[in-house]
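A short write-up of the structure that comes next.
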Amino acid sequence: MKEFRPVKIAVIGCGMISGIYMKNLKEMFNVTELVACSDIIPERSKKRAEEFGIKQMTNEEILADPEIELVVNLTYHTSHYAVSKAALLAGKHVYSEKMMCITMDEAREIGEIAKEKGLLFCCAPDTFLGQGLQTARQIIDAGLIGKPIMANAIVARGYHHERFKDTPERRFAFLPGGGIMYDMGCYYLQALVNLLGPIESVCGYSETRGADDRIFMNPKNPAYGEVMKIETPNNVCGSMKFRDGAMGVIITTSECVGAYNSFIIYGTNGMLTLNDPNDFTGDITITYRNEQETKMPRNFAYAENSRGLGVADMCYALRNGREPRCSFERAIHILEAGIGIMNLDGEGKYHAMETSCERAAAFEAGIVEYPEMVMDE
Ligand SMILES: NC(=O)c1ccc[n+]([C@@H]2O[C@H](COP(=O)([O-])OP(=O)(O)OC[C@H]3O[C@@H](n4cnc5c(N)ncnc54)[C@H](O)[C@@H]3O)[C@@H](O)[C@H]2O)c1
């Protein structure tokens, strides 16, 4: 008789996104058992530990605890690599928020350590597992728009104007690894790869335009009065050629005012308009030749904010010995695409992708809870 054994998890990094992660890891999934959390700012981990009835620990205590099997890395970008590497070296499986790290060398090293140690390393975003993008996947796989030929992904978020001016640490949005392509572009790249398959080559333009005329405006912010120094591309425009034939463009800017996004896949028989891939669902429509827009039924689970779904999938994968959907191979592939488009690798305006991956297994339609049952020894 097999016994069910959830995976014991600790979260490192108790900032903004940790609240919904911890709530879902506690309440939404039967395979995740949240037991501890830490932060370099101990008041933050104390607050979360009290809120969720778990242990407050230091990073070191988490890594030394043999009971903890998996670390969820919710630190900001500049800490991702060091925290994930330390956790892997300590023998923990790791799920990291996006992007997994800043450079391809760091990513390869993470992959190698995980492989050597026989551990899983997975990475967000996991919104592509949500109701909206799984509906889109079903539509494409069923051939409802014919052969996908073209895609456009546009995301504009005015970071320099309205956001990130209240807290000093949120300046990471202006640092390498924290810019708009890493922060928001990755949702679109992940969704595109899940819908259209791997990317064969990319090219693009990017610019890192200073905001010398803009300063931190909030008197409560210790950076008040300082110039917002931009050290990573804030305007990026790229194009992609997918292995299976489709082409696509992606535009990300954080220098604009306001917020706008558009995500469309054009097929030989219809045009598929997708939800914002930063969300778990939203309207999915098909426009056919008669120009009539049809709102498609969304018959999949995870419409609500299900951050942590990728962690749960990883835990099922771990227990059942199957491949996780937010796999290292997919994460490094979208990291390479983002870097290639930003042209940070110095190879010019055309980048032939070195990494590849297959699409993650789709979820089953019509099942309102996670379909996988797991029984462990
Ligand atoms: N905020 C969002 O809406 C959102 C949504 C989805 C994903 N994410 C991703 O989640 C991650 C965290 O985002 P956030 O908004 O919660 O950031 P945040 O700045 O609010 O929180 C990050 C926390 O990590 C802690 N930290 C940093 N380095 C650490 C270290 N070495 N050890 C322990 N703790 C450390 C910080 O003190 C901070 O409390 C980022 O990768 C971000 O891209 C954020």
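The values are calculated or read from the model by the stated rules, or taken from the named source; none is laboratory data. A quick note: this is a predicted structure, and the numbers were derived from the prediction, not measured. For neighbour counting, all protein chains shown are included, and Cβ atoms are generated from backbone atoms with ideal geometry for every residue, glycine included.
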Restricting to helices (runs of 4 or more DSSP H) lying wholly in the stretch 8-117: which have 1 or more residues that are in contact (Cβ under 8 Å) with a residue 60 or more places away in the chain and among the polar types (S, T, N, Q)?
18-27, 77-89
Applying the selection to the stretch 72-109, what residues are small (Gly, Ala, Ser) and away from the ligand (no atom under 13 Å from the Cβ)?
ALA90, GLY91, ALA107
Go through (1) at pLDDT 95 or above; (2) more than 16 Å from the ligand (Cβ to nearest atom); (3) not small (Gly, Ala, Ser) one by one and return the number of the condition ASN235 breaks.
(1)
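Results for (1) assigned to a loop (DSSP other than H, G, I, E, B); (2) surrounded by 19 or more Cβ atoms within 10 Å (Cβ to Cβ); (3) at pLDDT 95 or above; (4) of a type in the set (Lys, Arg), shown as yes or no for each residue.
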site	(1), (2), (3), (4)
ILE139	no, yes, yes, no
ILE154	no, no, yes, no
ALA173	no, yes, no, no
PRO176	yes, no, no, no
ASP183	no, yes, no, no
TYR187	no, yes, yes, no
VAL202	no, yes, yes, no
I need the full set of residues from the stretch 271-284 which are away from the ligand (no atom under 16 Å from the Cβ) and surrounded by fewer than 18 Cβ atoms within 10 Å (Cβ to Cβ), in order please.
MET271, ASP283
Every residue from the stretch 16-52 that is of a type in the set (Ser, Thr, Tyr) and within 13 Å of the ligand (Cβ to nearest atom):
SER18, TYR21, SER38, SER45
Any strands (runs of 3 or more DSSP E) falling wholly within the stretch 251-300 and containing at least 3 residues that are among the aliphatic types (A, V, I, L, M)
259-267
